[in-house]
Amino acid sequence: MQDVVGHVTEGVCRPLKVRIEQVIVAEPGAVLLYKMSNLLKFYHHTISGIVRTSAATLLTTIEEMHILSKKMFFNSLSLHASKLMDKIELPPPDLGPTGALTQTLSLLREVLASHDSSVVPLDARQADFAQVLLCILDPLLQLCTVSASNLGTADMATYMVNSLYMMKTTLALFEFTDKRLEMLEFQIEAHLDTLINEQASYVLTRAGLSYIYNCVQQHRPEQGPLANIPSMDSSSLKAAMVQFDRYLSSPDSLLMPQLNFLLSATLKEQIFKQSTELVCRAYSEVHTAVTDPLNQYKEPESILYRSPQQVQTLFS
């Protein structure tokens, strides 16, 4: 019986091999190559469990075609990734993801979707997954970094947050992504820190506190009282507080334009909240300095008539 099975399956080998090679030569694209590779792996696993060594020639042919289709799949991904770097696409005016990023994430989504529905064993799928991400995600990160290199600080951080956010939301739908998601989250947080500081600086400048806060930070006792430093007299501080009061009455009015380009409303809210905390901290330092008798401000409560707690309450 085993000899009959072996003889029958041998006759299948050549036409099967020719047909699969024809499909591969036609360059069907990464997704189809990956599906084919997984299907061949499944057939090899299934047939070997049923007929074992009696179909050795067929199993060898299937394994060879599996290896070939898998190799061509990864070659296709690598070629796609190399083309990304051939012509770097500049970030669009809205600082959203570039066309190249969107298309590549769409390809990744298709590959991962077929990976999730794959019938091959779990450990083999996990190994494939790591290699797929290595081929696509790492070049994408490099692409984003290079394309953002000529942007200003706030523009660059906004563009990177949007791009990384798109990658993260794509990966979050699939298994075996935890480590990559952690890495993307870490990078997003780094760029969020930049935007938080930029937004706080934007507010302090336009609310009249930037110069005052810098003077307070840089002041040393040997320089004498703070009130004697140019533009730090009582009347100058009162004028600045008028500006700051206008900001307190409508904090939303002082928002960096870049924040309106963020794809995630949650991240935008996080930046607004944490930058506001930095503004409160700056006001608190100014308040402490002005109320310090050593700085010789007469009636400091008439200059800064709101306590740091009252300012914080207005934001909450």
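The values are calculated or read from the model by the stated rules, or taken from the named source; none is laboratory data. What you see is a predicted model; the values in this text were computed from it and never measured. Note that each Cβ is placed from the backbone with ideal geometry, even for glycine, and that neighbours are counted across all protein chains shown. Accessible surface areas use protein heavy atoms only, side chains included; no ligands, DNA or RNA. Shrake-Rupley method; radii C 1.70, N 1.55, O 1.52, S 1.80 Å.
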Q. Any idea what angle helix 30-50 forms with the longest principal axis of the chain, computed on alpha-carbon atoms, 0 to 90 degrees, nearest 10?
A. 50 degrees
Q. How about region 269-306: which chymotrypsin sites (Phe, Trp or Tyr not before Pro) there lie in a loop by DSSP and see at most 16 other Cβ atoms within 10 Å?
A. Tyr305
**Q.** Using alpha-carbon coordinates, inclination of helix 234-249 to the longest axis of the chain, degrees
**A.** 40 degrees
(Q) Explain nothing, just the number: dipole magnitude of the chain about its Cα centre with +1 on each Lys and Arg Cβ and -1 on each Asp and Glu Cβ, in debye rounded to the nearest 20. (A) 540 debye
Q) Taking only the alpha-carbon atoms of region 222-316, what semi-axes of the equivalent ellipsoid follow from 5 times the gyration tensor eigenvalues under a square root, in whole Å, largest first? A) 31, 13, 12
Q: In a Gaussian network model over the chain where Cα atoms closer than 10 Å are linked, find which of Glu301, Glu110, Glu89 has the largest mean-square fluctuation.
A: Glu301
Q. Assigning unit charges at the beta carbon (Lys, Arg +1; Asp, Glu -1) and nothing else, what dipole magnitude in debye, to the nearest 20, does region 105-246 show about its Cα centre?
A. 500 debye
**Q.** Descending semi-axes in Å of region 63-216, equivalent ellipsoid built from Cα gyration tensor
**A.** 39, 17, 11
**Q.** Rounded accessible area of Asp178 (nearest 10 Å², 1.4 Å probe)
**A.** 110 Å²
Q: May I ask for the angle, rounded to the nearest 10°, between helix 99-116 and the longest principal axis of the chain, with both axes built from Cα atoms and the value confined to 0 to 90°?
A: 50 degrees
Q. With a Cα-only, solvent-free Debye model of region 147-305, what are the log10 I(q)/I(0) values at q = 0.09, 0.16, 0.17 Å⁻¹?
A. -0.41, -0.89, -0.95
Q) With the contact rule set at Cα under 8 Å and sequence spacing of 6 or more, what percent relative contact order holds for the chain? A) 16 percent
Q. Out of (1) 153; (2) 182; (3) 242, which label holds the value of volume of the Cα convex hull per residue in Å³ that was computed here?
A. (1)
Q. Per residue of the chain, what 222 nm ellipticity follows from adding -39500 (n - 2.57) for every DSSP H run with n ≥ 4, rounded to the nearest 500?
A. -25000 deg cm²/dmol
Q) How long is region 228-284 along each principal axis, judged by its Cα atoms, biggest number first, in Å? A) 47, 18, 18
Q.
Going through the cross-link list Lys87/Lys273; Lys17/Lys87; Lys70/Lys168; Lys168/Lys273; Lys35/Lys83, which pairs have a Cα-Cα distance over 28 Å in this structure?
A. Lys87/Lys273; Lys17/Lys87
